[in-house]
Structures are given as structure tokens and as C-alpha cells.
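Shown next, in C-alpha cells, is the structure this report addresses.
Every number in this text was worked out from the coordinates using simple rules, so none of it is lab data. From a predicted model like this one, the values you see are computed outputs, not experimental measurements. Methodologically, a virtual Cβ is constructed for each residue, glycine included, from the backbone with ideal geometry; neighbour enumeration extends over all protein chains shown.
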Amino acid sequence: MKLDYHMHLEYGSYDEAWVEGFFRAAAARGVAEIGFSEHSHTFPEFESLYYDDLILDDSFVGSFQQKWLKKNKFKYTLEEYFAFMAKLKEKHAVKTGIEVCNFQDQTAVAKILGSCDFDYVIGSVHFIRGWAYDWSEIKAEWDRLALFDIYEWYTQEIEKLCASKLYDVLGHPFNIRLFRYFPDFDVTPFLERAVCAMEKAQMAVDINTGTLYRYPIAEISPYEDFMRLAAAHKLPVITTSDAHKPEDAGAYNDEAVAYARRFGYETTLRFTKREREVVPLG
């Protein structure tokens, strides 16, 4: 069964005509069911957490992130999101999800999520010590920091997300390869820590093609070394496109399914009201 539960509406609006493009593109690629996982920065309920956690001083990184927070953010409430999704569910097989950033105050996140009836919740590391590492505009920060430290800090953020027990899926694990900064040290201990934390939290792996078609690395995340450990620990997987535009819905789903099968996977997860159903992969 082809599923794609990681896509976003932020580049458009809650306009049914525009959103229909996601369903058309997914259907053309044979995807049976999609889910929208709006970024937490869509919602004002999370706004204070971004201002608490991000570097927002007058530095190179802080100046960019100040502008980033003021552009196309916090424009719909969670209530408006669920109302819009209810309209879509009248016409389509679609799930309501959310992708939440790695906030330091997971108690505050729990309070927000506790009032919502999501089908699934993705937790993703988007910030390392307040730096949005995946933005090309502030990519120079990669040259300023030690790569070993980045791997350590990134792994710590995964462990915090997992320890909260709030999430069903870890989004795009170890996409920190996205700008082709490759370590000259053994990363196995970091990967093992992440996989063990996910196993304890019963979180699934997001096999995400976004890094294949949107970033210089041009590979599916997580990369092979992580996938071998994930398979050894029998972590469940989902395959997703991380589409931000209608035409990308379901993008490279066949490649993601084939990639998962290389590591012995034959099943994936279907989510409904935070309950998971094991279904055939692809």
C-alpha cells in the first residue's frame, strides 16, 4: 500500500482548489492515501517556543532567523487547520498530522498536542542549539562549527524527542548530510544512540525523499548506515515525499519503497487517531 504522510501546505493556503493538486499528483504516482503534516511554525500556539529556542540576536544566523520567523509563519490556528482538514476528508482519504520541531520545552508541546486529535505526530530535529541548520542562507555556519560537535548535538536532540514519548515518527533522520559535509570520524556510536532511543519510544523511521530532490546531497534520508541499524532493531518505517508543493506529492515514492526493501522491509504503517496498522509496503 503506497502511503505518504509527510507534506506541507505552507507555500500556499487553505484553499481547496490549490490543495487538490496534492491529491492529483499523489494519485498519478499510485499513492493510495496521503496525510498533511503541517509544520508547527504554521500555528500561533507554538510561536513562543520558537522565540524561546532560536538564535535571534544580531549575528549572521540570528538576523536571518529573525526574518524567517516573520515570513509566512503562525498564520492559521490549530482549530482552523482541523476545520480545513474536515472539509478535505469529505472528499478524500487523507490523514491529519503535524510535524513538530525539537523544542526544548517538551512539557509545553505535550499540553498543545494533548488538546488535538491528530492521526499521527512527526517529531523532527530542525534546530541545533538554536541554529536552523538546513537553510542554505545560513549554510556558512557549517564551516564555523566542528562536525563532530554537530553530530553530538544532533543526536542529543533526537534523544530528547524520543524521551518525551510524544511522537509517532522521527522525521528525516540524519539529514545533516544535506549540504554534503561528510565526517572523517566513525559516526556509528551516534547512529546507535539514535536508533536505541527510537526503539524505546516505539517511533517509526521517516524514509524521506525530500533530501533526494531538494538538497545538494541528492540522497534519501536516512542514509544507508542508519537504515542498516534501523532494520537490525526492527524499527518500523514510513515512506514520504516531504512535499511542499502540489506537484511533489508522492515524489520518488517508488524509489523510497525500493530503498526500504533493500534493508528487508516489507511492511509500513498506516495511522488513524494515533493508532498504527501494519500494512504491506508499496
Discussion item. Counting only other residues whose beta carbon sits under 12 Å from that of Ala108, what net charge do I get with K and R as +1, D and E as -1?
Written reply: -4
Fill in: Subset of Lys95/Lys160; Lys87/Lys160; Lys2/Lys111; Lys139/Lys160; Lys89/Lys165 violating a 31 Å alpha-carbon distance limit
Lys87/Lys160; Lys2/Lys111
Worksheet, complete the sentence: Here the relative contact order (percent) of the range 154-273, from C-alpha pairs under 8 Å and at least 6 apart, is 25 percent
Fill in: Semi-axes of the equivalent ellipsoid for the range 151-282, Cα gyration tensor, largest first, Å
21, 19, 14
Worksheet item: Which semi-axes, in whole Å and largest first, does the equivalent ellipsoid of the range 1-72 have when worked out from the alpha carbon gyration tensor as the square roots of 5 times its eigenvalues?
Response: 32, 12, 11
Worksheet item: Which whole-number percent gives the relative contact order of the chain, counting Cα pairs below 8 Å spaced six or more residues apart?
Response: 23 percent
Practice prompt. Distance between Cα centroids, the range 93-149 to the range 20-64: provide it in whole Å.
Written response: 9 Å
Practice prompt. Starting from the eigenvalues of the Cα gyration tensor, five times each then square-rooted, give me the equivalent ellipsoid semi-axes of the range 80-130, largest first, whole Å.
Written response: 26, 12, 8
Practice prompt. Report the local net charge at Thr267: Lys and Arg +1, Asp and Glu -1, summed over other residues whose C-beta lies under 12 Å from its C-beta.
Written response: +2
Discussion item. As a test of the formula, what do you get for the chain when each DSSP H run with n ≥ 4 contributes -39,500 (n - 2.57) and the sum is divided by the residue count, at 222 nm and rounded to the nearest 500 deg cm²/dmol?
Written reply: -11500 deg cm²/dmol
Worksheet item: Sorted from largest down, what three extents in whole angstroms do the Cα atoms of the chain have along their principal axes?
Response: 49, 43, 33
Item to complete: Could you work out the local net charge near Pro222, counting Lys and Arg as +1, Asp and Glu as -1, over the other residues with Cβ closer than 11 Å to its Cβ?
Response: -2
Fill in: Histogram of C-alpha separations across the range 21-129, 10 Å bin width, %
13, 40, 30, 15, 2
